[in-house]
Ligand code: GLC
């Protein structure tokens, strides 16, 4: 513990001043802009925990002995895992990137690592590098690969002192604790992830919050030696973006601001109280059912309507949606998840231009729905038909000179009037009110 505190004291002095100087490189800025166009990604939580079919926190939540849990690896054999099938499904869903749990809080690596045999290649009878196969399949399908990477660890004995979680798994009391060794281990693994699998779109950290028992959030930046870790990522792959799911304002070296289970600016999930929306590219992550990791009971799937409303609402805030699926232990994606993804893809095939490459719309959220925009086009996403009064939607006259309007799904011409006194009054054409998101495309004379 003493060694830990000395190390931290040194870090605090050494790095705080430098961190403020972070200037993203041109490659990084270009990658941020590309990310901002993508708007839809798939999150995958898959690991040994999937075998216990009760979510990814089971080791901690059920106080399972960490060595006993590790024995699951001996039985990990996802006989139906087929990376090409996954990639084709995600392509059909219209996803532009996939964020995969390379190592979750349980400490098991789903990739080939030289740091320990507790990984899918050296520690399981399966013996195949899942991350490697996934990388190849995604790249072939032109889908980017991002890595989820856990800071928090419930398995390693050098992760010491413990933070908020992982006290009941039976690790020896700090005897082997060596924070410096843990930080070095993470740097080695990040180097592996960024050199073994081709271009990586982003590293998505999670678990930073575990240490807030001892330190303020600002101090944590140095405790975790973030400047060095972020610097390593950016130097190995300058276009690899960094996101950290710490639930507070972004720190230097971060390129994406993530929002767990909420669209930017809201806090219905309880994780994001008081969190301001920054100027960085934004990303909301949410589950397709209730949980991140596979659960065999009580999965409570969201409806297609809920998912498409979420997609439109995130895009209307200028954010991407990272939608999670939890594969089964045999390596297949649960049928309900796959069906929902295909249906989202079918909607995107027709309406994708109102989502991809758009920015937050200039018309703020209304009872009937939301807006997105691109150049001189404004997209009105009607999410709640019952809230359209008198069959019309009125926009402020100042929005600009409207040249024409159509329904995006079938090109039906939409009538409108534009007067200084009454504003732009759009005659909403008849449509199937059960439609999840009915989009009108309005073309203005000048960029909005
Ligand atoms: C939380 C959980 C974690 C999950 C993540 C996804 O931070 O700890 O299990 O991976 O959210 O957003």
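The values are calculated or read from the model by the stated rules, or taken from the named source; none is laboratory data. Not measured: the values here are computed from a predicted model. In this analysis, Cβ positions are derived from the backbone assuming ideal geometry, glycine residues included, and neighbour counts consider all displayed protein chains.
General remarks:
- Residue 299 vs. criteria at pLDDT below 95 and within 27 Å of residue 73 (Cβ to Cβ): yes
- Restricting 127, 107 to those that are part of a loop (DSSP other than H, G, I, E, B) and without any contact (Cβ under 8 Å) to a residue 12 or more places away in the chain reduces the list to 127.
- Every test in (1) surrounded by fewer than 16 Cβ atoms within 10 Å (Cβ to Cβ); (2) more than 19 Å from residue 337 (Cα to Cα) is passed by residue 109 save one, and that test is (1).
- Filter result for residue 266 (in a loop (DSSP other than H, G, I, E, B), surrounded by fewer than 20 Cβ atoms within 10 Å (Cβ to Cβ), more than 15 Å from the ligand (Cβ to nearest atom) and at negative phi): yes
- Test result for residue 133, more than 16 Å from the ligand (Cβ to nearest atom), assigned by TED's automatic domain parsing to the domain that holds residue 183, in a helix (DSSP H, G or I) and touching a helix residue (DSSP H, G or I) at 6+ places or on another chain (Cβ under 6 Å): yes
- Tally, over the range 277-294, of residues that are farther than 17 Å from residue 320 by Cα, more than 10 Å from the ligand (Cβ to nearest atom) and either out of contact with any helix residue (DSSP H, G or I) (no Cβ under 9 Å at 6 or more places or on another chain) or without any contact (Cβ under 8 Å) to a residue 24 or more places away in the chain (or both): 1
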